[in-house]
1. Return the residues of segment 10-22 that are open to solvent by 30 Å² or more (accessible area, probe 1.4 Å) and either touching a helix residue (DSSP H, G or I) at 6+ places or on another chain (Cβ under 6 Å) or under 12 Å from residue 74 (Cβ atoms) (or both); say none if nothing qualifies.
2. Among the residues of segment 38-82, how many are open to solvent by 80 Å² or more (accessible area, probe 1.4 Å), under 14 Å from residue 5 (Cα atoms) and acidic (Asp, Glu)?
3. Return the residues of segment 49-72 that are over 15 Å from residue 16 (Cα atoms) and without any contact (Cβ under 8 Å) to a residue 12 or more places away in the chain; say none if nothing qualifies.
4. For residue 25, indicate whether it is under 14 Å from the mean Cα position of the chain (by Cα) and open to solvent by less than 50 Å² (accessible area, probe 1.4 Å).
5. Working only within segment 13-37, note down all residues that are touching an Asp or Glu at 6+ places or on another chain (Cβ under 9 Å) and in a helix (DSSP H, G or I).
Amino acid sequence: VDAFQAWCGPCKTVVDLFWKIRNEVGSDLLRFAVAEVDSIDALEKYRGKCQPLFLFYAGGALVAVVRGANAPLLQKTILEQL
């Protein structure tokens, strides 16, 4: 989940990386979503941050968090979680 605030917007530069990995591993294993933290109470603790934030969930539980648009770290995290 790309968690963003309305004034900052989702991290468009990383979206291409997610789609590339999703195409490589198959769409059944990886889902990508964006969430505006200002409008979702459960994400309130992520408000006020001016950096990209990526939340990784498996089985409904938060399993990893990556802060910043670090493409190598995002790719590593995705592949480790799969």
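The values are calculated or read from the model by the stated rules, or taken from the named source; none is laboratory data. On a predicted model such as this, the values are computed, not experimentally measured, just so you know. Cβ sites come from the backbone with ideal geometry, for glycine too, and all protein chains shown count toward neighbours. All accessible areas refer to the heavy atoms of the entire protein, side chains included, with ligands and DNA or RNA removed. Shrake-Rupley method; radii C 1.70, N 1.55, O 1.52, S 1.80 Å.
1. Of everything in segment 10-22, those that are open to solvent by 30 Å² or more (accessible area, probe 1.4 Å) and either touching a helix residue (DSSP H, G or I) at 6+ places or on another chain (Cβ under 6 Å) or under 12 Å from residue 74 (Cβ atoms) (or both) turn out to be 13, 15, 16, 20.
2. 2
3. Correct list: 59, 60, 61, 62.
4. no
5. 14, 15, 18, 37
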